[in-house]
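To start, the structure itself, in structure tokens.
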């Protein structure tokens, strides 16, 4: 089973890369774009494990290493 | 009194740091990140570079290197632990210092001398300095933008202009509160983004780094047995 972890910057922390992309999108004619955030995804594969195990293991991985709560939040999605 | 210089794969300032401390008369020992013991070491420095490729986040992998358990033990004993640049990032990831470091405000790698003002002498980094003193030290980083994350922080150095005045223009990387260096509550663990080891001889353009490194050396002897 695979899990997709999406790491996002905490909303109060500026995302200069996202802001730069947003300005370029506006220049391209997408003037109604009012926010761009650049996130990171990590795919974790745990063969032969059930969903409950994968969710709990990947959550522990996020808490220990994959995400830093000082600057980031995370979400976990089971890919099946 | 021996200073352990911790080297991770991708660390690249370990020889500069050894050179600088030896120039001040201190003994140094290179310590590979797979070591699990720091016996005979009185204090450690985590030098700059790109530990473990800076993958995931700067310092995020290095903080799990085997040697870090021994570094944490040394820190808990009150021994001096200093992180310079990437080493500062590792100490934040390890939770030995509060806050964290993200990409510079302008998304540019910064490599130039900057001015920092001493905020407090109460740490192994600043004990030989006087509050308000302005030092010129090179900065060399992309992820040098310090954020507190809401944590209480003991600030040791702030970015200012040459006169010691805070301003947005004098804050090179957008750090919260123009913070350039912090310490833990006890003052025995400290981290800074600029490189004091690159400001110790006249040909380097500044010798102001000596004050900070001398503070560290003096702290080696001040620890209670």
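FYI, it's all coordinate maths here, none of it is from the lab. Quick caveat, the model's predicted, so the values are computed rather than measured. Cβ: placed from backbone, ideal geometry, glycine included. Neighbour counts: every protein chain shown.
The separation of the stretch A:38-80 from the stretch B:1-55, counted between C-alpha centres, amounts to 33 Å. Largest mean-square fluctuation among A:29, A:48, A:18, in a Gaussian network model of chain A whose springs join Cα atoms under 10 Å apart, belongs to A:29.
Beta bridges from DSSP with both residues in the stretch B:1-102: antiparallel share about 10 percent, rounded to the nearest 5. Give the percent of DSSP beta bridges with both residues in chain B that are antiparallel, rounded to the nearest 5. Here the share of antiparallel DSSP bridges comes out near 60 percent. Estimated purely from DSSP H runs of n ≥ 4, each contributing -39500 (n - 2.57), the mean residue ellipticity at 222 nm for chain A is -9000 deg cm²/dmol once divided by its residues. Which of rounded, prolate or oblate describes the stretch B:20-147 when judged by the alpha-carbon gyration tensor and an a/c cut-off of 1.5? It comes out oblate by the Cα gyration axes.
Exposure proxy for B:203, B:21, B:216: other Cβ atoms within 10 Å of each Cβ, ordered fewest to most, give B:203, B:21, B:216.
Which percentage, to the nearest 5, of the DSSP beta bridges contained in the protein assembly as shown is antiparallel? Counting only bridges with both partners in the protein assembly as shown, antiparallel ones make up about 70 percent. Normalised by residue number, the volume inside the convex hull of the Cα atoms of the protein assembly as shown is 147 Å³ per residue.
Computed over the alpha carbons of the stretch A:2-78, Rg followed by Dmax gives 15.9, 48 Å.
Along the Cα-to-Cβ line of residue B:222, 7 Å from the Cα, sits a label point; which residues in the stretch B:68-86 have backbone N less than 15 Å from it? Correct set: B:78-82.
Using a simple spin-label model with pseudo-atoms 7 Å out from Cα toward Cβ, residue B:207 and residue A:57 lie 5.9 nm apart. The relative contact order of chain B, computed from alpha carbon pairs under 8 Å that lie at least 6 residues apart in sequence, is 20 percent. Taken residue by residue and averaged, Cβ atoms of other chains lying within 10 Å of the Cβ of B:111-118 number 0. What shape does the stretch B:2-222 take by its C-alpha gyration tensor, where a ≥ b ≥ c are the square roots of the eigenvalues and a/c under 1.5 counts as rounded, a/b above b/c as prolate, and the rest as oblate? Rounded, since a/c falls under 1.5. Listed by Cβ neighbour count within 10 Å, with the fewest neighbours leading, B:92, B:111, B:13 appear as B:111, B:13, B:92. Sorting B:16, B:39 by the number of Cβ atoms found within 10 Å of their own Cβ, with the fewest placed first, yields B:39, B:16. Contact order for chain A, expressed relative to its length and based on alpha carbon pairs under 8 Å spaced 6+ residues apart, stands at 54 percent.
Quick one: angle between helix A:51-61 and the longest Cα principal axis of chain A, in degrees between 0 and 90, rounded to 10, please. Tilt relative to chain A: about 60 degrees.
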